[in-house]
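Read the structure below first, then the notes.
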Amino acid sequence: MPDIYISEHKPVKKPLLHVTHKHKVHKKYPYSPLAAFMYYPRKADFVNKDPEEEVILILRRHPITNLGWIIVSIALLFAPSVLKFFPILAFLPENFQLISVIGWYMITTAFIFENFLSWYFNVNIITDERVFDVDFVNLIYREITDANIDQIQDVTVRLGGAVRAVFNYGDIIIQTAAEIPQIELQAVPKPDRVARILRELRVEEEQEKIEGRVR
Amino acid sequence: MLASSATVWSVAKIFALFGLGVYIIFAFVIVRQVAIMVKTLEVGFELPIRLISLAHLLFAIGIFIFALMVL
């Protein structure tokens with residue numbers, strides 16, 4: 001029988017999840033605790049984590065989003081040198097001038113540290129079971145939102161603007177059937193890859209339901 | 001005249017020390033909050049962050065003591 005149609009061989013995309021090859025993943029992907037995109041982080045623990053839960057992705061805002069406060073910090077650090085040209089503290093005795101400059105640098109240090117803490121600890125965590133959004137609104141207010149993977153109804157990737165296009169970061173809006181209807185991952189790197197990982201996790205959850213597996 | 005000038009700087013010293021004292025409280029709040037943050041999330045960089053917060057608090061206390069002596 002002659003062949004009527006021969007389809008073109010299309011390469012199959014490899015799934016991004018490497019749940020059965022975690023030790024190989026560690027060798028393949030470099031790991032830094034200061035990274036904004038941590039895929040299968042070597043060390044990851046957080047409050048409310050189940051013992052059997054596996055952390056797949058830890059996301060922070062893209063480092064470029066810190067540029068604003070970094071520029072301000074540099075300006076604050078160099079501000080006292082302006083006093084040589086504009087001696088606005090000349091009316092103060094020398095000891096008060098010294099304490100004023102030291103106090104200025106202390107406040108600058110606190111500003112830099114607070115902004116770093118805000119970037120470092122405001123994370124989004126994707127495990128094999130849930131999606132977490134950890135928000136430290138300020139130093140004394142914390143909000144943690146989580147939703148099960150199988151409750152995700154819709155994932156929208158929003159990437160717009162020249163800077164976001166150049167540095168490949170964007171927002172991911174996750175619609176859920178949970179009490180919190182929406183979880184937003186703001187300014188995360190590689191949003192398309194994150195959406196793909198979420199898609200694969202949802203498929204795996206559906207597969208687990210069909211097969212009757214708990215985990 | 002000299003007495004009033006000394007009084008003005010004495011008052012200024014009290015205000016400066018009060019401000020530095022409030023800053024010490026702020027630095028202590030940062031230390032406590034870093035402890036809470038570290039408990040919330042651990043990815044391997046917690047020790048340097050804790051050390052920085054403690055160093056910041058100690059520095060604030062040191063500046064207060066220095067201001068007490070110098071001003």
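Scanning the range A:183-215 for residues that are surrounded by 14 or more Cβ atoms within 10 Å (Cβ to Cβ) and free of Cβ contacts under 8 Å to residues at least 12 places away in the same chain gives a single hit, A:208.
Within the set A:99, A:144, A:56, A:70, the sole residue that is of a type in the set (Val, Ile, Thr) and more than 30 Å from residue A:31 (Cβ to Cβ) turns out to be A:99.
Is it the case, given these coordinates, that residue A:137 is surrounded by 14 or more Cβ atoms within 10 Å (Cβ to Cβ), part of a strand (DSSP E or B) and in contact with a strand residue (DSSP E or B) (Cβ under 9 Å, 6 or more places away or on another chain)?
Details: surrounded by 14 or more Cβ atoms within 10 Å (Cβ to Cβ): no; part of a strand (DSSP E or B): yes; in contact with a strand residue (DSSP E or B) (Cβ under 9 Å, 6 or more places away or on another chain): yes.
No; evaluated as a whole, the condition is false for this residue.
Condition first: in contact with a Phe, Trp or Tyr (Cβ under 9 Å, 6 or more places away or on another chain), within 8 Å of chain A (Cβ to nearest Cβ), touching a residue at least 40 places away in the same chain (Cβ under 8 Å) and assigned to a helix (DSSP H, G or I). Can you find one or more residues in the range B:56-65 that meet it? Yes: the range B:56-65 contains one or more residues that are in contact with a Phe, Trp or Tyr (Cβ under 9 Å, 6 or more places away or on another chain), within 8 Å of chain A (Cβ to nearest Cβ), touching a residue at least 40 places away in the same chain (Cβ under 8 Å) and assigned to a helix (DSSP H, G or I).
Based on what the data block shows, is residue A:43 closer than 29 Å to residue A:135 by Cβ, modelled with pLDDT under 95 and assigned to a loop (DSSP other than H, G, I, E, B)? Spell out the reasoning first.
Values: closer than 29 Å to residue A:135 by Cβ: yes; modelled with pLDDT under 95: yes; assigned to a loop (DSSP other than H, G, I, E, B): yes.
In short, yes.
Consider the range A:84-111 and keep the residues that are more than 10 Å from chain B (Cβ to nearest Cβ) and part of a helix (DSSP H, G or I). The one that is modelled with the lowest pLDDT is A:84.
In the range A:117-129, what residues are under 17 Å from residue B:42 (Cβ atoms) and either in contact (Cβ under 8 Å) with a residue 24 or more places away in the chain or more than 12 Å from chain B (Cβ to nearest Cβ) (or both)? Break it down into steps so the answer makes sense when it comes.
Within the range A:117-129, the subset under 17 Å from residue B:42 (Cβ atoms) is A:117, A:119-127.
Hits for the range A:117-129 are A:119, A:120, A:122, A:123, A:124, A:125, A:126, A:127.
Within the range A:117-140, which residues are farther than 30 Å from residue A:151 by Cβ and either touching a Phe, Trp or Tyr at 6+ places or on another chain (Cβ under 8 Å) or modelled with pLDDT of 95 or more (or both)?
Going residue by residue through the range A:117-140, those that are farther than 30 Å from residue A:151 by Cβ are A:117, A:139-140.
Matches in the range A:117-140: A:117 only.
The values are calculated or read from the model by the stated rules, or taken from the named source; none is laboratory data. Since the structure is predicted, the reported quantities are computational estimates derived from the model, not experimental observations. Positions of Cβ are generated from backbone atoms using ideal geometry, with glycine treated the same way; all protein chains shown enter the neighbour counts.
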